[in-house]
Amino acid sequence: MNIAVILAGGTGTRLGGDIPKQYLNVAGQPVIRYCLELCFGCEEIDAVQVVADMGWRDLISSCLPPDHRQKWKGFSEPGETRQLSVWNGLTEAARYAKENDVVLIHDAARPMLSMGLLQRCLRSVQGHDGAIPVLPMKDTVYYSEDGKKVSQLLKRSSIYAGQAPEAFRFGKYYEANLRLLPDKIKDINGSTEPAVMAGLDIVMINGEESNFKITTKEDLQRFQRIMAETNTLI
């Protein structure tokens, strides 16, 4: 079984306003609907779990396809941090997931995920404990101890920017997160970090430039332009 856990509990404060970025309307539909449609439309995804605050669940339910019941597993509560939200999704999925199933973690605020990348993530787990899409660094990368002065020049060819979705063998990933409870998990910055800390075999695959996360107003404007251009072509 392949399980998609979609994270939609963030507040999106960097964008300002009262509506979190994943629920903003772009080209006639909420941002979250784009990745929901992809996951429900992917034949290789068997189950979908969404981490979302109670106040947004009616909106999310309205975005589900008519035949959603075959894959739909329900909602999970957001956590204090992103990784605690992941953990809440995992604990709900543990009710029906098996040890060797694959869990795929994706951000609702990455609406440009392609079917090709989604499928490559799932297939690349074969023979490994997990798979993550990455992009090579284009810019020179510096390390600073204090955020003011350059402490070290990093080797750009060895540095990669991680994307989502991140796919893992359910049992091993669940245990990797369990070992970090109750406090260490709060310091986790990315979904793959617990797997790396646990020494799991995580393979990198090529990400896609178009698979950006809406974090700033500029990101939102970029997505709005893309959708406007797409609708114009249609």
Residue match in the stretch 174-181 (condition: among the small types (Gly, Ala, Ser) and in contact with a Cys (Cβ under 7 Å, 6 or more places away or on another chain)): no
Scan of the stretch 156-187 for residues that are in contact (Cβ under 8 Å) with a residue 12 or more places away in the chain and within 22 Å of Pro136 (Cα to Cα), ordered by number: Arg156, Ser157, Ile159, Tyr160, Ala161, Gly162, Gln163, Ala164, Pro165, Glu166, Ala167, Phe168
Residues satisfying the stated conditions in the stretch 90-116, i.e. under 23 Å from Gln29 (Cβ atoms) and either of a type outside the set (A, V, I, L, M) or buried (at least 21 other Cβ atoms within 10 Å of the Cβ) (or both): Leu104, Ile105, His106, Asp107, Ala108, Ala109, Arg110, Pro111, Leu113, Ser114, Gly116
Count of the stretch 71-103 residues which are among the aromatic types (Phe, Trp, Tyr) and within 23 Å of Asp187 (Cβ to Cβ): 1
Residue within the stretch 87-94 that is under 15 Å from the mean Cα position of the chain (by Cα), farther than 25 Å from Arg169 by Cα and not hydrophobic (A, V, I, L, M, F, W, C) present: no
Residues within the stretch 40-95 that are part of a helix (DSSP H, G or I), among the polar types (S, T, N, Q) and either over 25 Å from Arg123 (Cβ atoms) or in contact with a Cys (Cβ under 9 Å, 6 or more places away or on another chain) (or both), tallied: 6
Residue count for the stretch 195-205, restricted to those that are out of contact with any Lys or Arg (no Cβ under 8 Å at 6 or more places or on another chain) and touching a residue at least 24 places away in the same chain (Cβ under 8 Å): 4
Every pair of residues 6+ apart whose Cβ atoms lie under 7 Å, when the first sits in the stretch 35-64 and is over 19 Å from Ile3 (Cβ atoms) while the second is modelled with pLDDT under 95 and not in a helix (DSSP H, G or I): Asp53/Gly9
Within the stretch 115-234, helices (runs of 4 or more DSSP H) holding 3 or more residues that are of a type in the set (Phe, Trp, Tyr) and farther than 30 Å from Ile19 by Cβ: 170-178
Lone unmet requirement of (1) within 22 Å of Lys184 (Cβ to Cβ); (2) touching a Pro at 6+ places or on another chain (Cβ under 7 Å) for His106: (1)
Scan of the stretch 69-83 for residues that are of a type outside the set (S, T, N, Q) and in contact with a Leu (Cβ under 9 Å, 6 or more places away or on another chain), ordered by number: Trp72, Pro78, Arg82
Filter result for Asp107 (within 13 Å of the chain's Cα centre (by Cα) and among the acidic types (Asp, Glu)): yes
Tally, over the stretch 128-149, of residues that are under 24 Å from Leu200 (Cβ atoms) and either exposed (fewer than 15 other Cβ atoms within 10 Å of the Cβ) or among the aliphatic types (A, V, I, L, M) (or both): 7
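The values are calculated or read from the model by the stated rules, or taken from the named source; none is laboratory data. Predicted model, so just to flag it, every value in this text is computed and none were measured. With ideal geometry, Cβ positions are generated from the backbone for all residues, glycine too; neighbour counts draw on all protein chains shown.
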